[in-house]
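The next block holds one structure in the form of structure tokens; read it before the comments.
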Amino acid sequence: MKQIPLAGLVFAVFLPFAAPAASANLDAQVNDLLAKMTLEEKIGQMVQADMKALNGHVSDIQKYNLGSMLSGASSDPSPDNTAGSWLNAVGTYQSWALKTRLKIPLLYGIDAVHGHNNVAGAVIFPHNIGLGATHDPKLVEQAAHVTALETAGTGIRWAFAPCVAVAQNERWGRTYESFSDSTRLVSEMGAAAILGLQGKELNSHSVLACAKHFIGDGGTLNGIDEGDAICDEATLRKLYLPPFRAAIRAGVGSIMVSYSSWNGKKMSGNRYLLTDVLKGELGFRGFLVSDYAAIDQISPDYKRDVETSVNAGLDMVMIPHGPGHTNNYVEFITDLEQLVAGGRVPQSRIDDAVRRILRVKFQLGLFENPRTDPALTAAIGSPEHRAVARRCVRESLVLLKNENHVLPLSRHIEHLAVVGGAADDLGMQCGGWTISWQGGHGDVTSGGTTILAAIRQAVLPETQVAFSPDGNHLRDPDAVIVVVAEPPYAEMKGDRTHLVLSAEDSALIAKAKSSAAPVVTILLSGRPLVLNSALEDSSAFVAAWLPGTEGLGVTDVLFGDYKFVGKLPRRWPRNDNLSSVNADASAPIQFARGFGLTD
Ligand code: GLC
């Protein structure tokens with residue numbers, strides 16, 4: 001293991017155990033293996049089954065020659081979600097794959113979208129909207145590199161990240177997964193994340209990245225998740241294609257196809273965009289994976305969906321279900337065998353799909369080393385890793401207001417009131433995609449620091465810190481920090497028609513103001529919210545997005561150890577009666593993209 005100091009932090013960079021497939025003979029290796037494979041073995045490589053779909057029948061991996069598996073956001077190997085339980089589970093699945101006739105290793109994927117967020121004790125980074133606010137691609141690359149180390153520490157070599165959506169309407173429940181409403185900023189940050197996950201090229205210590213979701217997921221009408229992006233091709237290309245060009249230039253090895261539609265046609269069946277544009281015009285040589293049961297949405301007939309999606313250019317299909325459920329992985333395999341036998345899907349299409357998948361597996365060095373180095377497991381949640389996340393938090397905070405320079409607060413403050421339950425709620429700090437799909441409240445994971453705990457650590461021992469979740473009994477404090485938050489959500493569960501800060505949170509800020517002390521409001525949210533009186537009632541206002549486990553990154557700036565450097569990654573609406581501040585250039589906005597005070 002070679003240790004390379006990077007920006008004052010030491011990363012373990014594991015030299016490749018074995019020289020990865022040199023590019024010169026890579027295609028020869030792929031074609032040599034492909035030539036040995038039966039149709040069943042080839043189709044098995046195109047299946048990605050959720051771990052829950054096996055329903056305990058792990059031998060199905062060998063029986064059906066499954067090429068890939070995933071853990072959907074709430075598929076866990078054990079209730080405690082320890083790194084060890086993940087390492088063991090993934091190791092077991094890999095053992096079954098290596099029992100197949102040709103011993104083709106399994107490629108395991110997971111939504112490591114803000115750290116290795118399924119695993120207890122892993123570092124949880126700010127969601128992409130916060131990373132976008134840093135405007136620092138090098139930092140995003142470091143964050144992704146730490147995520148790769150922690151993901152590999154559980155034996156998993158594929159992260160379904162980065163999301164390179166250019167979210168146009170903050171009513172979309174996935175706005176926080178988008179770095180920005182700026183195509184340029186998304187392209188830059190997406191490429192940086194890919195570099196952090198994979199390195200300069202795919203090799204034996206890369207974690208495969210997955211640019212998602214192709215294409216126009218963030219441009220649907222009214223921000224409806226899995227909805228319809230209604231626009232002409234010129235707009236589609238101008239707003240949403242550049243991040244994928246940048247991802248391909250960065251060497252991304254996989255791209256996930258969006259649930260959404262373009263002008264009424266489901267992306268999973270769009271041959272023009274998947275094959276002609278992405279693979280042809282842009283020259284993408286990796287493989288395309290569907291979203292979770294996304295092909296099922298093409299039509300009411302599953303076999304027709306299999307035909308349409310594979311012929312459109314999908315190379316691997318993400319299948320959440322096993323035998324006993326409709327549209328399961330056995331049905332997919334049977335249907336596709338019949339479609340090939342009947343000439344409905346050309347053998348050449350199957351060979352192209354499997355060639356792409358095998359190529360990536362060779363580039364990842366999976367054949368030489370299908371398992372990762374256990375030393376990586378020990379580094380999950382390490383102080384070095386947490387230090388990178390803490391810096392991401394610091395640099396993601398955007399100061400929107402600072403009347404009379406009330407910030408930074410003095411550590412010598414005598415009586416500090418902290419108001420709002422969210423101040424001591426790690427789940428609200430992390431948001432969705434944390435341990436479970438929708439996230440949760442309270443101590444959702446181990447090793448984190450809430451904002452309240454960070455405040456208690458930051459001030460002097462003689463400072464009195466009074467915590468009042470409901471804002472009552474404020475006894476003449478010298479300052480009040482109010483933490484308000486959106487409750488955690490993910491995907492369509494976060495779609496909203498109205499985006500105003502809740503009445504309860506506005507009332508909490510007003511109550512704090514009645515104490516006559518300066519009020520510092522910290523908003524934990526996955527997107528801009530219409531603030532109305534909340535902004536007026538606050539002496540200082542900080543957009544903290546969804547910062548993750550490292551609450552000390554917030555107090556680093558609140559108490560002046562570091563300056564505010566964050567700048568808004570997207571426009572902030574002034575009122576709520578708009579389809580989107582991006583849909584109507586004349587719409588009144590509260591703050592422009594790029595706004596952010598430094599003190
Ligand atoms: C989800 C999401 C996608 C995720 C996949 C696997 O529905 O759309 O971003 O990677 O399923 O969890």
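The values are calculated or read from the model by the stated rules, or taken from the named source; none is laboratory data. All of these numbers come straight from a predicted model, not from anything done at the bench. Because the Cβ atoms are built from the backbone with ideal geometry, glycine has one as well, and the counts that use them run over all protein chains shown. Keep in mind that these areas ignore ligands, DNA and RNA; they rest on the heavy atoms of the full protein, side chains included. Shrake-Rupley method; radii C 1.70, N 1.55, O 1.52, S 1.80 Å.
In region 89-101 there is at least one residue matching the filter, namely being farther than 29 Å from residue 294 by Cα and either more than 20 Å from the chain's Cα centre (by Cα) or modelled with pLDDT under 95 (or both). For region 91-110, the tally of residues that are within 16 Å of the ligand (Cβ to nearest atom) and either among the aliphatic types (A, V, I, L, M) or not assigned by TED's automatic domain parsing to the domain that holds residue 50 (or both) stands at 2.
Specify the residue that is most open to solvent (accessible area, probe 1.4 Å); the eligible residues are those in region 192-218 that are among the hydrophobic types (A, V, I, L, M, F, W, C) and in contact with a Leu (Cβ under 7 Å, 6 or more places away or on another chain).
202
Here 497, 521, 555 are screened, and the one residue that is of a type in the set (Ser, Thr, Tyr) and within 25 Å of residue 163 (Cα to Cα) is 497.
Answer with yes or no whether residue 432 is closer than 30 Å to residue 111 by Cα, within 16 Å of the ligand (Cβ to nearest atom) and either touching a residue at least 24 places away in the same chain (Cβ under 8 Å) or not in a loop (DSSP other than H, G, I, E, B) (or both).
Values: closer than 30 Å to residue 111 by Cα: yes; within 16 Å of the ligand (Cβ to nearest atom): yes; either touching a residue at least 24 places away in the same chain (Cβ under 8 Å) or not in a loop (DSSP other than H, G, I, E, B) (or both): yes.
Yes, satisfied.
When 221, 236, 185 are checked against the criterion of being in contact with a strand residue (DSSP E or B) (Cβ under 7 Å, 6 or more places away or on another chain) and open to solvent by less than 40 Å² (accessible area, probe 1.4 Å), 236 stands alone in meeting it. Among the criteria (1) closer than 18 Å to residue 153 by Cβ; (2) within 14 Å of the ligand (Cβ to nearest atom); (3) open to solvent by less than 40 Å² (accessible area, probe 1.4 Å), the one residue 76 does not fulfil is (3).
Residues in region 329-355 that are hydroxyl-bearing (Ser, Thr, Tyr) and either surrounded by fewer than 18 Cβ atoms within 10 Å (Cβ to Cβ) or at positive phi (or both): 334, 348. On inspection, residue 495 fails the criterion of being over 28 Å from residue 221 (Cβ atoms) and of a type outside the set (Val, Ile, Thr). Taking the conditions (1) free of Cβ contacts under 8 Å to residues at least 60 places away in the same chain; (2) in contact with a Cys (Cβ under 9 Å, 6 or more places away or on another chain); (3) open to solvent by 10 Å² or more (accessible area, probe 1.4 Å); (4) hydrophobic (A, V, I, L, M, F, W, C) in turn, residue 113 satisfies each one other than (1).
The set of residues in region 326-356 being in contact (Cβ under 8 Å) with a residue 24 or more places away in the chain, over 26 Å from residue 284 (Cα atoms) and part of a loop (DSSP other than H, G, I, E, B) consists of 326, 327, 328.
What are the residues in region 213-222 that are at positive phi and modelled with pLDDT of 95 or more, if any? Scanning region 213-222 gives a single hit, 216. Residues considered: 409, 366, 400. Of these, the only one that is part of a strand (DSSP E or B), touching a residue at least 40 places away in the same chain (Cβ under 8 Å) and crowded, with 21+ Cβ neighbours inside 10 Å is 400.
When residue 135 is tested against (1) at pLDDT below 95; (2) more than 15 Å from the ligand (Cβ to nearest atom), exactly one condition is not met: (1). Among what's in region 250-270 and is of a type outside the set (Val, Ile, Thr) and part of a strand (DSSP E or B), pick the residue that is most open to solvent (accessible area, probe 1.4 Å). Taking the candidates together, the pick is 265. Residues of region 313-325 that are hydrophobic (A, V, I, L, M, F, W, C) and part of a loop (DSSP other than H, G, I, E, B): 314 alone. Look through region 578-595, keep the residues that are polar (S, T, N, Q) and open to solvent by less than 40 Å² (accessible area, probe 1.4 Å), and return whichever of them is modelled with the highest pLDDT. Once the filter is applied, the top-ranked residue is 582. Contact map, region 218-232: first residue closer than 16 Å to residue 186 by Cβ and assigned to a helix (DSSP H, G or I), second residue open to solvent by less than 20 Å² (accessible area, probe 1.4 Å) and aliphatic (A, V, I, L, M), Cβ cut-off under 6 Å, separation 6 or more or different chains; pairs are 218/165; 218/166; 218/167; 219/229. Of everything in region 443-462 that is open to solvent by 60 Å² or more (accessible area, probe 1.4 Å) and either free of Cβ contacts under 8 Å to residues at least 40 places away in the same chain or part of a helix (DSSP H, G or I) (or both), the residue that is nearest to residue 122 (Cα to Cα) is 443. Out of 296, 291, one residue alone is within 16 Å of the ligand (Cβ to nearest atom), outside any loop (DSSP other than H, G, I, E, B) and open to solvent by 10 Å² or more (accessible area, probe 1.4 Å). It is 296. Of the residues making up region 138-180, those that are within 16 Å of the chain's Cα centre (by Cα) and not hydrophobic (A, V, I, L, M, F, W, C) number 15.
Screening the candidates 306, 289, 310, 317 for the property of being out of contact with any Phe, Trp or Tyr (no Cβ under 9 Å at 6 or more places or on another chain) and of a type in the set (Val, Ile, Thr) yields one hit, 310. For the criterion of being of a type in the set (Lys, Arg), away from the ligand (no atom under 15 Å from the Cβ), surrounded by fewer than 20 Cβ atoms within 10 Å (Cβ to Cβ) and not in a helix (DSSP H, G or I), residue 303 fails. Take residue 245 and tell me if it is of a type outside the set (A, V, I, L, M), under 30 Å from residue 155 (Cα atoms) and within 16 Å of the ligand (Cβ to nearest atom). For residue 245, the condition - of a type outside the set (A, V, I, L, M), under 30 Å from residue 155 (Cα atoms) and within 16 Å of the ligand (Cβ to nearest atom) - is not met. Only one of the listed residues (452, 460, 409) is in contact with a His (Cβ under 7 Å, 6 or more places away or on another chain) and closer than 21 Å to residue 474 by Cβ. That residue is 460. Quick one: in region 157-196, of everything that is outside any helix (DSSP H, G or I) and β-branched (Val, Ile, Thr), which residue is farthest from the ligand (Cβ to nearest atom)? Going through the qualifying residues, I end up with 166.
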